[in-house]
């Protein structure tokens with residue numbers, strides 16, 4: 001509901017000055033006859049009545065709230081224990097999130113280090129070809145060459161490892 005503002009003081013002052021000036025102009029410097037005095041007084045009172053009605057109408061014009069005839073929307077109450085599912089990140093942001101399950105321990109690489117496995121990234125991450133090549137390492141695991149990515153280098157290039 002809209003709050004009702006009290007009448008503004010400057011409007012009252014303007015109405016008072018206007019009504020006083022109209023009342024004073026009814027008296028003229030020249031002597032008037034009795035028939036004309038009565039007509040001037042009646043005309044002055046009529047003008048004051050019209051001004052008062054206009055001011056009153058303007059004052060009460062803004063005191064109502066317009067309601068539109070719309071159909072009410074049925075809103076079902078939400079259950080307090082049900083939480084909305086988060087929306088996925090936009091692609092321009094999500095492409096820098098690497099899956100945390102691809103961070104694995106490789107004992108054959110420099111006395112054991114955690115690396116992001118390339119095979120796991122190919123299966124779980126769409127933008128493997130866009131990863132920085134300076135973070136890529138190839139090493140011999142005793143049976144064949146393995147390729148992986150250094151996590152610290154990836155973090156320095158704006159990627160982050162996310163537990164999904």
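Couple of notes before you dig in:
- Residue count for region 127-156, restricted to those that are in contact with a helix residue (DSSP H, G or I) (Cβ under 9 Å, 6 or more places away or on another chain) and loosely packed, with under 13 Cβ neighbours inside 10 Å: 3
- Some residue of region 93-107 being within 30 Å of residue 143 (Cα to Cα), part of a loop (DSSP other than H, G, I, E, B) and at pLDDT 80 or above: yes
To keep it simple, each residue is scored yes or no on (1) in contact with a strand residue (DSSP E or B) (Cβ under 6 Å, 6 or more places away or on another chain); (2) part of a helix (DSSP H, G or I); (3) at pLDDT 80 or above.
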site	(1), (2), (3)
12	no, yes, no
22	no, yes, no
31	no, no, no
44	no, yes, yes
50	no, yes, yes
53	no, yes, yes
63	no, no, no
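- Contacts under 8 angstrom Cβ, first residue in region 128-157 being touching a residue at least 60 places away in the same chain (Cβ under 8 Å), partner crowded, with 16+ Cβ neighbours inside 10 Å, 6 or more apart: none
The values are calculated or read from the model by the stated rules, or taken from the named source; none is laboratory data. Quick caveat, the model's predicted, so the values are computed rather than measured. With ideal geometry, Cβ positions are generated from the backbone for all residues, glycine too; neighbour counts draw on all protein chains shown.
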